[in-house]
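Trainee: Here it is: the structure, laid out below.
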Amino acid sequence: MTDQSGAPDTITGTSDQRARNTRISVPASPFTPPSDPGEIRVWAPAAGTVTLVIGTDAGESTEIALQPDPTEPEWWMSPPDAIPSEIRTADPAGMRYRFVVDDGDPLPDPRSVRLPDGVHSASALHRLDESIFTDEDWSGIDMRGAVLYELHIGTFTPEGTFDSAIGRLDHLVALGVDVVEVMPINAFNGTYGWGYDGVAWYAVHEPYGGPDGFARFVDACHSRGLGVVLDVVYNHLGPSGNYLPDFGPYLAEGTTSWGSSVNLAEPDSDEVRAFILGNALRWLRDFHVDGLRLDAVHALADHRAVHLLEELAVATDRLAEELGRPLTLIAESDLNDPRLITPRRLGGYGLAAQWDDDIHHAIHATVSGERQGYYADFGGLDGLAKVLEGGYFHDGTYSSFRRRRHGRPIPTDIIDASALVTYTCNHDQVGNRATGDRPSAYLDSGQLAIKAALVLLSPFTPMLFMGEEWAADTPFAFFTSHPEPELAEAVRTGRRSEFAEHGWDAAEVPDPQDPATYESSKLDWSELDEPTHARMLAFYRDLVALRKSEADFAASGFASVTTDFDDDAGWFGMFRGGWVVVCVLGENETAVPIRMDPALVWEDVTVDDSSVRSPGHNVVIGRLR
């Protein structure tokens, strides 16, 4: 695949000419964890003293005064021969260590790769067992145009672990999924949560199965032909267990909606950026992950000439070349700024793709009729046509939700539609509703089918959210497990107050701290045995199969889609080459004046020489006559 500018693709799918980026210096490489106590180092630029407290998990600890690294004096390391022989010869797997900075409390390593006893406890030495991986024949995947599937490890199965998730991967293969997108797995305080409040970015959440469990999961995906995207968060840290400021200026003075901003552009930020780049590259290299979903990049406070995202894209390109397989970066952004996915040779950041909420909002508001909050500007058939043909609804237009103009147009002659990831729902669009109710809770099956067809047969890169393929009845609520009573109460009160301001009865908002909120959000796989759920699953499988078998649906250019609609009659048509997807949005039977031969329908229709007559809330997919 090439972008429409004519620039050759890189192996990452970022449509960039690497030779033109040699001027961008990216002094970053994947972080390599220490394999023995003598390799332990820490960045603490303002510290007067740093002490390493190290021992076995069953024995007494030893204190070692560290010294500045002669070549990098802001880094601290063990003096030669300072590690006692009983520590040097002990099994590294049983080692536990912390740092004491300027006589403060003992703290875990900012780059802890394993925290077996939680984010407030000691770091453990750990190296992945390379024998876990059997994917030497895995050549990677171009995710543009692939079918993605977002899941949360803790609620995907009753057990909530990597190993139990492996047991459900064959379901995804049968569905036709190409890539599994895993919500954040970095370590956070508590047993369960969404994962966006992580504080130990290099460690894998232990209740899911730790680093080895994640390695097994990735390898199991690859053995089934599934790629893996990992959701990572670099715009803020969680409220409990964030010890980075005790070591150095990791945070800036500003704040995001979730906490302090990360220091990306202020003094001493070079090492903070290297901390992020090293983490990102480690997931891709050591864990064999195929791509990263970069959370809320609009909250990255970076005013440097070379943005962190561009640095990360350059570094990812280089690693992809080294590994010989595609690596993909997908941004989440609400800026509607096409620079994210514009080739670097044309002044963009060169990311492969971005989530596009405007497409979701247009489809959802049109089908559901909801107009609250940020849906206020959406819902018209002309707006649906606009996003399908141009990607953004707000492309410099006035946003009533923001009370200002927003966005800019996508240069559709340069950027493919497949650079936009779209969805009928995702963790945000479900979990950030007051009760975490899925569309299946308030839409009928025909409306769900319309949404699925518009997403899966569009020129964009479609993503499903776990369970939507069978119209799961279980909610996906916002849940937390903060052990600190004051933090738990703040989250509980804040959540209910937020929705009360928008007219919800606070009593209806689930308590995020109640274990029942978490348990109720787990998928109920027994629903697959019920006829209504089985029917929806079969329809999704047919849609995915049609997307993959017909070249017109696989086309990824914006020019490959046109639309037609009738507001008064309540129908909408999305044309893909010789095919058309007809959506009957109203409740009543409607005659749609399009000559077609139906190939896939939700409800049966009648066809004559000039039109197709369909019941309400229906989708009809067929070849044009």
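Trainee: Which of the residues spanning the stretch 496-513 are in contact with a Ser or Thr (Cβ under 9 Å, 6 or more places away or on another chain) and free of Cβ contacts under 8 Å to residues at least 40 places away in the same chain?
Mentor: Ala506, Asp511, Pro512, Gln513
Trainee: In this structure, does Trp75 turn out to be within 29 Å of Pro211 (Cα to Cα) and out of contact with any Lys or Arg (no Cβ under 7 Å at 6 or more places or on another chain)?
Mentor: No; evaluated as a whole, the condition is false for this residue.
Trainee: Does any residue of the stretch 398-412 turn out to be crowded, with 20+ Cβ neighbours inside 10 Å, polar (S, T, N, Q) and in contact (Cβ under 8 Å) with a residue 40 or more places away in the chain?
Mentor: For the stretch 398-412, residues crowded, with 20+ Cβ neighbours inside 10 Å, polar (S, T, N, Q) and in contact (Cβ under 8 Å) with a residue 40 or more places away in the chain: absent.
Trainee: Right, next: If you take the residues of the stretch 218-262 that are polar (S, T, N, Q) and assigned to a loop (DSSP other than H, G, I, E, B), which of them is nearest to Gly291 (Cα to Cα)?
Mentor: Once the filter is applied, the top-ranked residue is Asn235.
Trainee: Right, here's the next one. Please state which one of Glu501, Glu519, Glu484, Glu468 is touching a helix residue (DSSP H, G or I) at 6+ places or on another chain (Cβ under 8 Å), charged (D, E, K, R) and not assigned by TED's automatic domain parsing to the domain that holds Phe575.
Mentor: Of the residues listed, the single one that is touching a helix residue (DSSP H, G or I) at 6+ places or on another chain (Cβ under 8 Å), charged (D, E, K, R) and not assigned by TED's automatic domain parsing to the domain that holds Phe575 is Glu468.
Let's see how each residue does on (1) over 19 Å from the mean Cα position of the chain (by Cα); (2) part of a loop (DSSP other than H, G, I, E, B):
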site	(1), (2)
Leu264	yes, yes
Leu281	no, no
Arg285	no, no
Val289	no, yes
Asp302	yes, yes
Leu319	yes, no
Pro326	no, yes
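Trainee: Please verify whether the stretch 168-188 includes one or more residues that are part of a helix (DSSP H, G or I), crowded, with 21+ Cβ neighbours inside 10 Å and of a type in the set (S, T, N, Q).
Mentor: No.
Trainee: Then there is this: Looking at Gly193, Gly213, can you tell me which residue is part of a loop (DSSP other than H, G, I, E, B), of a type outside the set (Val, Ile, Thr) and modelled with pLDDT of 95 or more?
Mentor: Checking each option against the conditions leaves just Gly193.
Trainee: Look at Ala7 and say whether it is modelled with pLDDT under 85, over 17 Å from Pro108 (Cβ atoms) and part of a loop (DSSP other than H, G, I, E, B).
Mentor: Taking the combined requirement at face value, the residue satisfies it.
Trainee: Another question, then. Return the residues of the stretch 49-76 that are within 21 Å of Ser121 (Cα to Cα) and surrounded by 15 or more Cβ atoms within 10 Å (Cβ to Cβ); say none if nothing qualifies.
Mentor: Correct list: Val50, Thr51, Leu52, Val53, Ile54, Gly55, Thr56, Ser61, Thr62, Ile64, Leu66, Trp76.
Trainee: Something else: On the basis of being part of a loop (DSSP other than H, G, I, E, B) and charged (D, E, K, R), does Arg98 make the cut?
Mentor: So Arg98 fails the test.
Trainee: Give me the pairs, please: first residue somewhere in the stretch 315-328 and at positive phi, second residue anywhere and part of a loop (DSSP other than H, G, I, E, B), beta-carbon distance under 9 Å, and either six or more positions apart or on two chains.
Mentor: Gly324/Ile11; Gly324/Ser139; Gly324/Gly140
Trainee: Could you list, in sequence order, the residues of the stretch 563-585 that are of a type outside the set (D, E, K, R) and loosely packed, with under 15 Cβ neighbours inside 10 Å?
Mentor: Residue satisfying the conditions is Gly578 alone.
Trainee: Would you point out the residue of the stretch 316-337, among those that are surrounded by 24 or more Cβ atoms within 10 Å (Cβ to Cβ) and touching a Gly at 6+ places or on another chain (Cβ under 7 Å), that is farthest from Pro411 (Cα to Cα)?
Mentor: Leu327
Trainee: Can you say whether Thr461 is β-branched (Val, Ile, Thr) and within 30 Å of Val581 (Cα to Cα), as far as the supplied structure shows?
Mentor: yes
The values are calculated or read from the model by the stated rules, or taken from the named source; none is laboratory data. The model shown is predicted, which means the values in this text are computed figures rather than measured ones. In this analysis, Cβ positions are derived from the backbone assuming ideal geometry, glycine residues included, and neighbour counts consider all displayed protein chains.
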